[in-house]
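Please read the structure below before turning to the comments.
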Amino acid sequence: MNMHPIVAALLLAAVPAVAHEGGIATKARAAVAADFDIVHTRISTDGNVATFHMAVSGRAGQTRPSASGKLAGSQVFSYVWPTSIDPWEVGFERKAGILALAVTAHPDFDDTPLFDENGDGRRDNDGDLWHSHWVVLQPNPACGKDALAVVDIPGGAKPRLPRTWPGLPLLLDSPGWGPTLDAGTVEVKVPFDDIGVVTAGGFDGVTAGLRVNASVHAPLLCVADVFKVASGNLSLPGKPNR
């Protein structure tokens, strides 16, 4: 049966919105671009799989950086879950910094050399599609006052790295877990050998723009523009499954 469009719209409007449960609830802010305006952040687990969830007031993933045609100075847009999980648990050195799961897009370079996200038979040309990373962050004054950066790997250093490390001189992993961006939400499902490292920890939510250093030298990738922090102060107050 075909329903008149006006009747359908009235029925849809009568359905109450589903409230976000658990996690970190954040008030919408008109000053933040809607697709990066975090309103809810959550991590939940089922068996050994953790689901990283973020909701925004607009359409998630709608905006991506404009291509500049070069790596130096290029932009990265991101949805990020900073955690208290020790970086060791995903393949880095112990206590190397703040471990965060990030969903990113950046049209000027590709950092997932094992994966062909756009299905064109090449694995080096799809950085503009949203994809996931583990990143290790630390404060770096070279990026600005109180700014964070993805930790650089100094020349000649051989730190412990995940098997899917993409070869960049950064503490960054490209594990290939495809994010789901659906209307106002971003989700990534991540398997863990020991799910207890997730449930015992804390988390936060951040939307941000990062920038590749114009000299393409350390610090290579700075957090240049924080759009919004779910907690307001990066205190990692979220508790999985709560």
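The numbered conditions (1) surrounded by 16 or more Cβ atoms within 10 Å (Cβ to Cβ); (2) over 12 Å from the mean Cα position of the chain (by Cα); (3) assigned to a strand (DSSP E or B) are all true for D225 except (1).
Residue-by-condition table, conditions (1) part of a strand (DSSP E or B); (2) among the aliphatic types (A, V, I, L, M):
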| position | (1), (2) |
| --- | --- |
| A31 | no, yes |
| I43 | yes, yes |
| K70 | no, no |
| E89 | no, no |
| A96 | no, yes |
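Being of a type in the set (G, A, S) and either closer than 23 Å to E89 by Cβ or touching a residue at least 12 places away in the same chain (Cβ under 8 Å) (or both), is that true of even one residue in region 117-125? Scanning region 117-125, I find no residue that is of a type in the set (G, A, S) and either closer than 23 Å to E89 by Cβ or touching a residue at least 12 places away in the same chain (Cβ under 8 Å) (or both), so the answer is no. When each of T51, T41, T104 is tested for being of a type outside the set (F, W, Y), at pLDDT 95 or above and surrounded by fewer than 21 Cβ atoms within 10 Å (Cβ to Cβ), the lone residue that passes is T51. The set of residues in region 178-188 being in contact with a strand residue (DSSP E or B) (Cβ under 6 Å, 6 or more places away or on another chain) and either surrounded by fewer than 16 Cβ atoms within 10 Å (Cβ to Cβ) or part of a strand (DSSP E or B) (or both) consists of T180, T185, V186, E187, V188.
When you check G97 against the structure, is it under 19 Å from L236 (Cα atoms) and either of a type outside the set (A, V, I, L, M, F, W, C) or at pLDDT 95 or above (or both), yes or no? Yes; evaluated as a whole, the condition is true for this residue. For region 197-219, a residue qualifies if it is surrounded by fewer than 21 Cβ atoms within 10 Å (Cβ to Cβ) and either under 14 Å from the mean Cα position of the chain (by Cα) or of a type in the set (A, V, I, L, M, F, W, C) (or both), and the qualifying residues are V197, A200, A208, G209, A214, V216, A218. Here L114 fulfils each of the conditions (1) farther than 24 Å from H217 by Cβ; (2) more than 18 Å from the chain's Cα centre (by Cα); (3) without any contact (Cβ under 8 Å) to a residue 60 or more places away in the chain apart from (3).
Among the candidates D110, D120, D126, the residue that is surrounded by fewer than 16 Cβ atoms within 10 Å (Cβ to Cβ), at pLDDT below 95, not aromatic (F, W, Y) and not in a strand (DSSP E or B) is uniquely D120. Out of P237, P191, one residue alone is over 16 Å from T51 (Cβ atoms), surrounded by fewer than 17 Cβ atoms within 10 Å (Cβ to Cβ) and at pLDDT 95 or above. It is P237.
Taken over region 126-163, the criterion of being out of contact with any Phe, Trp or Tyr (no Cβ under 9 Å at 6 or more places or on another chain), in contact (Cβ under 8 Å) with a residue 40 or more places away in the chain and more than 14 Å from L221 (Cβ to Cβ) is satisfied by D128, P154, R163.
Among the residues making up region 26-64, those that are in contact with an Asp or Glu (Cβ under 8 Å, 6 or more places away or on another chain), within 20 Å of H131 (Cα to Cα) and not charged (D, E, K, R) are T41, T51, F52, H53, M54, V56, G58, A60, G61, Q62, T63.
The values are calculated or read from the model by the stated rules, or taken from the named source; none is laboratory data. Since the model is a prediction, treat every value here as computed from it, not as a measurement. No Cβ is skipped: glycine too gets one built from the backbone with ideal geometry, and neighbour counts run over all protein chains shown.
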